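Comments concern the structure below.
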């Protein structure tokens, strides 16, 4: 295809992505290296329904001239990235010097909000993804072996957790795992502990969130693998049967190799989606126990005072995280692509 | 129940007509009105009455209003011509300089607005308040009677009552509280901290001052109370706390005055809860005189980046939104503790009035208080779960606050 | 596998399979049945704050409404709160997002699959990176600009943003789908004198529907399920269903009306059920036809 033709075909989609994805990223990067000007504070007498008090306010006139001179704010460089709310370089160095075991060091790290969010995000991503792939694969194989009539019905129900909006799915589960909800009761009955509450302890909240993650995403793996199973070459399978391969061996040596590229595809999509996990944390009201990078950004944007620079810095760090996470896949795709075009 | 529906519908219709009636008197010739604000019933009433002043006036009342009000008023012309705020959230608008002084509009159209409704900052009127709010005691009179106790006036008595109720086997978790991690938890700390005589900042500076004896004692009291709460307390916002009360699972709690009126009117609330429901003033703590609560107002502002005609129209529409004629409606009267002329306190208002009369401290209207609130909300959950000491949690709060305050230019 | 395998399976394996499928069925479907059942109760029963069996038998519902089932939640959501308006908004948003997104996506995906130049790789990689971005990070970048231009709050704004956010995935799906359509087809047409666009129109469009439908379904789900963009960009009057449900819940306004949210949740899932019922085969066969091979 000629470059010129390519351009016209590609222009609309490129324009959409440029305007609504690339530009915001640039503006976020700018925001993250600039901070609001140093506030000029003055004492003032403030009155209201409850009487008068002397309080501190921002001197608007003075600030106005400052803002007019430099509308982006004060250049902060990487200061916001390294402060305690983000990478906390000095706190980490301090913890490294003063702690004598790795355990103590990590518990100090766990006290820093960014690392706490990072820890949950990574745990969630790397626990959910393999589990949901395995579950999805097992369900695909099982459903594929069902009778034709039941099959359609099972596919339908298997897809449900994936298609419901994440927020709704999370809410539905959250209502059920309440200590008096049906699942909460079941768990506490099984654990033989009537006061057990899934929402009250950090490990249990993490487990609940991960279970939700597997539940809601396994159907995606299922449907992709199921589609893949329809294309397993029959003759290979039959010849394997002729050679006396057991069922397990058929799966192990014929089906799994055939589906391997799909596993990469599912893993890729799920790593990306799980890395930006947000809705379950909101739905489960889990902020006391688990913050993800996305919910961390959201809470910066939604407080009594917006912290735009802080949110922007976290966003940029998340983008870098995504790039690192995807780098193996990128390298692979590059090889594939070169292999194909030569 | 069907009757109740009809009554509700009637009230809504009535609301509509009063709004219409006010509409004729708005006196707006031209201009644009667009409102952003929180979404609780009293604000819905004000918003509806203001929007009724003219065709094409819009309102956007949402719980996420703080995520959009600054952005929505920064443009020129601003998308929103008015934001409905509280003493905590006006600070963000002041800091960004997006609202205008109202003195000239007050001089021109200020009749019917009480002097005490005017929020004056540095000599200029920046907002017009229409309601007051405070957290105070809500309790089950029947349960306290059963254990032979008077309604508590201090948090220490509250603990004793909780123990008595639990010991008598009436309730397992008799104490309620909006302790959800984040904004709510921080607010409960603010109450307790101020009640203990603490102050959030070193006098006259933006330096944090919470890692003090008062801070530790406040946290310890919160921890002691949480032992009598539902184990999920860190997920309970005021909605969930009220639901517990309605279900008859809690007997004593510190709750917002604005929520008291409707607390037991929902469907399916057991009769003994409806009958036993009672409210009283806020409690003190640690032998202090100042109640462990904060006073709040809600009011409206006018955007800076709009034409004077739009500002005038907005002022008039919002004035109609808080017209004294609204106070003739029984339904509206119970929605809040109104500061509007002609309001006669209903029974649901006694708690807020008691809070104001007992010398409670208004929520600090400082430019950096929001950052402190956020830091408290994020860092105290660890202590409440028993993962770290009170001192450590408060040190974390100060560190988190300091980082945020430096970033926003309040500290260097 | 099926044709030759079914009959010869040993009984133990069969039983094992059935048990596994049964458990999965319960895990996948039970939460929905439970919620549908509960949506006809009052709040105290649904959240079973007193006793979990209330959620099944609806004791408080019976005490209040004289029957263990009530339509109060649905009545409140649809009549009092006019949830149907949000449903219409969702419909508008979804239809527009799917149409626009597929139109520009097929053109782009086709171009990527037929170019073979080195920059295609980089476009794909950039698209992949864009796909992975947390949306909440982007939204904070939009707000000031949208407010400046006075386009904040309207459905078209949300539609354009959702289309853009949706493009990376659409491009990837369609790119790999077009790769699976032999290049000889359109090249032959071009030898016969067609331009690239004519070749696309007359040769490719007639055979691309399986992949496009599958991609369209995923676009639809993205638009339908989106929470963060619609919450932050739409104003109160233009809300779609998901932000409206969030508003029902996290708020004091609906104090005692949480059942509106539950009823709304159930109502919002029904169209998805129907969608899957009709398009189940397309989801699977579209994926089989090659959309996921890349």
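Under a Gaussian network description of chain A, with springs only between Cα atoms under 10 Å, the residue in A:228, A:184, A:152 that fluctuates furthest is A:152.
Rounded to the nearest 500, the helix-only mean residue ellipticity at 222 nm of chain B stands at -13500 deg cm²/dmol, with each DSSP H run of n ≥ 4 adding -39,500 (n - 2.57).
Working ranking of peptides B:243-252, A:63-72 by packing, defined as the average number of other Cβ atoms within 10 Å per residue, highest first, is B:243-252, A:63-72. Pairwise alpha-carbon distances in the stretch B:348-412 exceed 21 Å for 45% of all pairs.
Tell me, what does the Kirkwood hydrodynamic radius of the stretch C:83-291 come to in angstroms if you use every pair of distinct C-alpha atoms? With all distinct Cα pairs of the stretch C:83-291 included, I get 18.8 Å. Tell me, how many Å apart are the Cα centres for the stretch B:142-161 and for the stretch B:62-86? Spelled out, the Cα-based centre of one part sits 44 Å from the other.
A Stokes-Einstein calculation at 10 °C with viscosity 1.306 mPa s, built on the Kirkwood radius of the stretch B:137-201 over Cα pairs, returns a diffusion coefficient of 120 µm²/s.
Think of it as helices only: each DSSP H run of n ≥ 4 in chain C is worth -39500 (n - 2.57), and spread over all residues that comes to -23000 deg cm²/dmol at 222 nm. Taking every alpha-carbon pair under 8 Å whose residues sit at least 6 apart, the stretch C:2-76 reaches a relative contact order of 22 percent. Over chain C, Cα pairs under 8 Å with separation of 6+ residues give a relative contact order of 25 percent. Estimated translational diffusion coefficient (Stokes-Einstein, Kirkwood radius over Cα pairs, 20 °C, 1.002 mPa s) of the protein assembly as shown: 70 µm² per second. Considering chain B as a Gaussian network with a 10 Å cut-off on Cα pairs, which listed residue, B:370, B:47, B:169, attains the greatest mean-square fluctuation? Evaluated over chain B, the most mobile residue of the options is B:169. In plain terms, the C-alpha convex hull of the stretch C:2-76 casts an average shadow of 7.6 nm² when viewed from every direction. Need one word for the stretch A:67-111: rounded, prolate or oblate. Basis is the Cα gyration tensor (sqrt eigenvalues a ≥ b ≥ c); a/c below 1.5 gives rounded, then a/b vs b/c decides. Prolate shape, in that a/c is at least 1.5 and a/b is the bigger ratio.
Against chain A, whose longest principal axis is taken from its Cα atoms, helix A:89-98 shows a tilt of about 80°.
Note on the stretch B:220-243 and the stretch A:220-282: Cα centroid distance 46 Å, given to the nearest whole angstrom. What the pair-distance distribution of the stretch A:119-287 shows, using all Cα-Cα distances binned every 10 Å from zero, is 10, 32, 30, 19, 8, 1 percent.
Rounded to the nearest 500, the 222 nm mean residue ellipticity of chain A from helices alone is -22000 deg cm²/dmol, with -39,500 (n - 2.57) taken per DSSP H run of at least 4 residues. When B:65, B:136 are arranged by Cβ crowding within 10 Å, least crowded first, meaning fewest neighbours, the order is B:65, B:136. If you wrap the tightest convex hull around every Cα atom of the stretch B:308-382 and split its volume per residue, you get 181 Å³. The order of the peptides C:14-27, B:378-391 by mean Cβ neighbours within 10 Å, most packed first, is B:378-391, C:14-27. How many percent of Cα pairs in the stretch C:22-125 exceed 18 Å? Across the stretch C:22-125, Cα pairs with separations above 18 Å total 69 percent. Measure out, as a whole number of angstrom, how far apart the alpha-carbon centroids of the stretch C:73-122 and the stretch A:36-82 sit. Answer, in whole Å: 42. Computed over chain B, relative contact order equals 27 percent, with contacts defined as Cα pairs under 8 Å that lie 6+ residues apart. When a/c is below 1.5 the answer is rounded, else prolate if a/b is larger than b/c, else oblate, so apply that to the stretch A:1-106 with a ≥ b ≥ c taken from the square roots of the Cα gyration tensor eigenvalues. Oblate.
Evaluating kT/(6 pi eta Rh) at 4 °C and 1.567 mPa s, with the Kirkwood radius of the stretch C:146-270 over Cα pairs in the Stokes-Einstein relation, gives 73 µm² s⁻¹. Expressed as an acute angle from 0 to 90° and rounded to the nearest 10, what is the orientation of the C-alpha long axis of helix B:183-195 relative to the principal long axis of chain B? So the helix axis and the longest Cα principal axis differ by about 70 degrees.
Let me know the shape class of chain B, please: from the alpha-carbon gyration tensor, a ≥ b ≥ c as square roots of the eigenvalues, rounded when a/c is under 1.5, otherwise prolate if a/b is greater than b/c, or oblate. Note, shape of chain B comes out oblate. Angle check, please: helix B:369-384 long axis (alpha carbons) against the longest principal axis of chain B (alpha carbons), in degrees 0 to 90, nearest 10. Here the helix axis deviates by roughly 30 degrees. Of the residues A:192, A:274, A:83, the one that moves most in a GNM of chain A with alpha-carbon contacts below 10 Å is A:192. The ranking of B:344, B:213 from fewest to most other beta carbons within 10 Å of each one's beta carbon is B:344, B:213.
With 10 Å bins beginning at zero, the pair-distance distribution over Cα atoms of chain A amounts to 5, 16, 23, 23, 18, 9, 4, 2, 1, 0 %. At q = 0.09 Å⁻¹, what log₁₀ I(q)/I(0) does a Debye calculation on the Cα points of the stretch B:199-343 give, no solvent, two decimals? Debye intensities relative to I(0), on a log10 scale: -0.49.
FYI, it's all coordinate maths here, none of it is from the lab. Note that the structure is predicted; figures quoted are calculated from it, not measured. Glycine also receives a Cβ, built like all others from the backbone with ideal geometry; neighbour counts cover every protein chain displayed.
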